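Asks: Pasting a structure below so you can have a look.
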Amino acid sequence: MRSKFAAAGVALAAFVLVAAVAAAAAKPNFTGTWALDASKSECGQRGCSEETMTIKQDGDKIDVSRAIKSQQGDRTQADTYTADGKEGEFTMQMMQNSTKGKRTSKWSADGTALQVSDKADFQTPDGNTMSTQSTSTWTLSGDGKTLTVEQTRTTPRGEQKSKRVYNKQ
C-alpha cells in the first residue's frame, strides 16, 4: 500500500514539474493593436511621437506595422522579426534614407521576452558612412495589456536609451 502512495506522489511531483517548465517556457504573444503611452515612456531628446503599432504573430514570426504621427508628418513603417536566433537582413529607415542591415531576433533564455539586435551602416547627407547598432527587449505584462520595448542604440554620436510602453487597444 505504501508503494502505491509513493508512486502516486512521484507521479504527481513529475506532473507538477512538467507543468511548471511548460508554463515558464510559454512565449508571449504580442498580437494586437498597441498605442504608445507617452506618460509612461522615455523616448529621448525628441520626445515621444503619437504611435499605434499593429502586430500579427505566428509562432516565431512577428509582423509589425507602426503608424507614427510627428512634427515631420505622418508615416507608416513595416517590419518583420523572426525569433529563431539566426541573423537575417532587414531594412532600416534613418533620416531620409533607408538601408539594409543585419538583425538577430531570439527569445530570452526563460522564453518571456523577445531580444533583438540590429546593425546597419548608412550614408549621411554629406556622403560619409555612419554605423548604428541597437539592442532591444520586448516584454509583455502578466495580464497581456502592456507591451514594453526597451532599447539601447549606439551611433558615433553616443549611446541613446529609450523605453516605450504600449497599451493594448
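Asks: When region 28-44 is examined, which residues are found to be touching a residue at least 24 places away in the same chain (Cβ under 8 Å) and assigned to a loop (DSSP other than H, G, I, E, B)?
Replies: Residues of region 28-44 touching a residue at least 24 places away in the same chain (Cβ under 8 Å): 28-37, 40-44.
Across region 28-44, the qualifying residues are Pro28, Asn29, Phe30, Thr31, Asp37, Lys40, Ser41, Cys43, Gly44.
Asks: For Lys100, are the conditions met, namely being at pLDDT 95 or above, basic (Lys, Arg), in a strand (DSSP E or B) and open to solvent by 60 Å² or more (accessible area, probe 1.4 Å)?
Replies: On the way: at pLDDT 95 or above: no; basic (Lys, Arg): yes; in a strand (DSSP E or B): yes; open to solvent by 60 Å² or more (accessible area, probe 1.4 Å): yes.
When the stated conditions are applied, Lys100 does not pass them.
Asks: Ok, one more. If Thr82 meets every condition in (1) surrounded by 14 or more Cβ atoms within 10 Å (Cβ to Cβ); (2) more than 16 Å from the chain's Cα centre (by Cα); (3) farther than 21 Å from Val165 by Cα apart from one, which number is that one?
Replies: It fails just one condition, (2).
Asks: Confirm whether Ala109 is within 19 Å of Gly32 (Cβ to Cβ), free of Cβ contacts under 8 Å to residues at least 24 places away in the same chain and either of a type in the set (D, E, K, R) or surrounded by fewer than 13 Cβ atoms within 10 Å (Cβ to Cβ) (or both). First the steps, then the outcome.
Replies: Details: within 19 Å of Gly32 (Cβ to Cβ): no; free of Cβ contacts under 8 Å to residues at least 24 places away in the same chain: yes; either of a type in the set (D, E, K, R) or surrounded by fewer than 13 Cβ atoms within 10 Å (Cβ to Cβ) (or both): yes.
When the stated conditions are applied, Ala109 does not pass them.
Asks: Need the failing condition index for Gln151 against (1) over 23 Å from Glu87 (Cβ atoms); (2) surrounded by 13 or more Cβ atoms within 10 Å (Cβ to Cβ), just the number.
Replies: Going through (1) over 23 Å from Glu87 (Cβ atoms); (2) surrounded by 13 or more Cβ atoms within 10 Å (Cβ to Cβ) one by one, Gln151 breaks only (1).
The values are calculated or read from the model by the stated rules, or taken from the named source; none is laboratory data. Everything numeric here is computed off the predicted structure, so don't read it as measured data. Using ideal geometry, Cβ is built from the backbone for each residue, glycine included, and neighbour counts are taken over all protein chains shown. Remember, those area values only see protein heavy atoms, side chains included, never the ligands or the DNA or RNA. Shrake-Rupley method; radii C 1.70, N 1.55, O 1.52, S 1.80 Å.
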